[in-house]
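Derivation of every value follows stated rules applied to the coordinates shown; laboratory data play no part. Here the structure is a predicted model, which is why all the values come from computation and not from measurement. A quick note on method: Cβ atoms are made from the backbone with ideal geometry, for glycine too, and the neighbour counts reach across all protein chains shown.
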Amino acid sequence: MPTVWVLGAGQLGAMLKQAAYPLAINVEPVEPESEQLPNIIDGDTVTVEREQWPDTPVTRHMSQQRGFMNADIFGKIADRFHQKTMLDTLGINTAPWRSVEVNTKAESLHAELGPDVLLKRREGGYDGKGQYWLYEDQGDEVPTDWLGTGIAEKKIPFNEELSLVGARDKDGNKVFYPLTLNLHSNGILMASISPLSRVAHLQPMAESMLGKIMDSANYIGVMAMECFRVGEQLIVNELAPRVHNSGHWTQAGACVSQFEMHLRAVCDLPIKAPEVRGQSVMINIIGVEREIAWLKIPSTQCYWYGKDVRPGRKLGHININHPQKSAVQTALNELRKLLPENYQDVFNWVEKELKRI
Ligand code: AMP
């Protein structure tokens, strides 16, 4: 088996490493700022856990390797201007948008996109960072530091946020997990639920959208597509050419997790439609100290990323999975008691959504 080098050494790289163990694949996450260049040899594969990276000797070295997968795609997806252009070219629904040029006026953005306009940095924004709302009724001007660095999007009055995680192999075969319902707070993913029978009729549409995107880029590996549902329409919010937080539930709820699926695809091993088992819920642990009592809750898997605790930082996640929804709810009730007050809304949302599935 070749070694798979991962550009980036955060939790996604660590979970790829964990998933690689049963396949005897050697996964080596690499810190972009590391002083030592990874010893990549012919036949090794290079993949990423992030779509953007600083220009360092390590990232230059890794991205120039022959085994660097999907080399062309990152420029197209990491910059929102290129990502939105690609979606428009493919005829895939996405929030109407305009480029914010050095001389763009708020007035013209409102004329084209409506009274509430969301500015997003072309590069570098994630977890709701790099966003700025421009409200016509407050007479906001485009802040000078946004001129020439962003795009502007129309506000989408969405019903809910759904994501699709899929994988494609080098022969163009594709597999998909069921649509996942996501709750964000201040742009940060708080909880995911999958599967949901009430959105199953949207699955073919979502698969055809993501399938088209992956085919057009000749993409190999796992890709995630975050969408807004507006009535019976799906509108793409953003794409991630990598394993994704909204697919973490697959560790507990599918016979092949998104992490293993990505490795299978990039190592040219068979990918297969993942059989999904039971009901899954994922709760992100954001800015909260680790609590040993979480480990006692039945039907859960606990992932702790070993990072320093800081407000708003993703520090771990808990997957809850059981064939019966009632058992999932019982576990959630236990967990609710062990997380801080600001999680009450998250648990209320999950409880409500579990009843509607
Ligand atoms: P993003 O950083 O693009 O993933 O956006 C973070 C969150 O901001 C999303 O999950 C939505 O909740 C919200 N958001 C992003 N774009 C829009 C939009 N065009 N209209 C309304 N809400 C949005």
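Using a ≥ b ≥ c from the Cα gyration tensor of segment 234-353 (square roots of the eigenvalues), is it rounded, prolate or oblate, where a/c under 1.5 gives rounded and otherwise the larger of a/b and b/c decides, a/b for prolate?
The shape class here is prolate.
Between residue 6 and 28, 30, 47, the built amide H atoms are under 5 Å apart, and every one of these is 5 or more places off in sequence or on another chain. Expressed to the nearest 5 percent, the antiparallel share of DSSP beta bridges inside segment 1-130 is 10 percent. Applying a threshold of 32 Å to the alpha-carbon distances of 76/352; 129/352; 84/105 flags 76/352 as lying beyond it. For segment 202-271, GluC sites (Glu not before Pro) are listed when DSSP marks them as loop and at most 15 other Cβ atoms sit within 10 Å of their Cβ; the list is 232. Percent of alpha carbon pairs in the chain separated by more than 30 Å? For the chain, the share of Cα pairs beyond 30 Å comes to 39 percent.
The lysines whose alpha-carbon is closer than 19 Å to the alpha-carbon of residue 170, local same-chain residues fewer than 8 away aside, are 212, 272. Here the sum of -39500 (n - 2.57) over DSSP H runs of 4 or more residues, divided by the residues of the chain, equals -8000 deg cm²/dmol at 222 nm, to the nearest 500. Which shape class applies to segment 96-154: rounded if a/c is under 1.5, otherwise prolate when a/b exceeds b/c and oblate if not, where a ≥ b ≥ c are the square roots of the Cα gyration tensor eigenvalues? In terms of gyration-tensor shape, prolate.
Listed values for segment 302-313 are Karplus-derived 3J(HN,Hα) couplings in whole Hz (6.51 cos²θ - 1.76 cosθ + 1.60, θ = phi - 60°), namely 10, 10, 10, 8, x, 9, 5, 6, 9, x, x, 8, and x replaces Gly and Pro.
With a cut-off of at most 12 other beta carbons within 10 Å, and DSSP calling the residue loop, which GluC sites (Glu not before Pro) in segment 141-203 qualify? Please list them.
141
In straight-distance terms, cross-link reach from residue 325 covers every one of the aspartates and glutamates whose alpha-carbon lies under 13 Å from its own, apart from those fewer than eight places away in the same chain; here that gives 351, 353.
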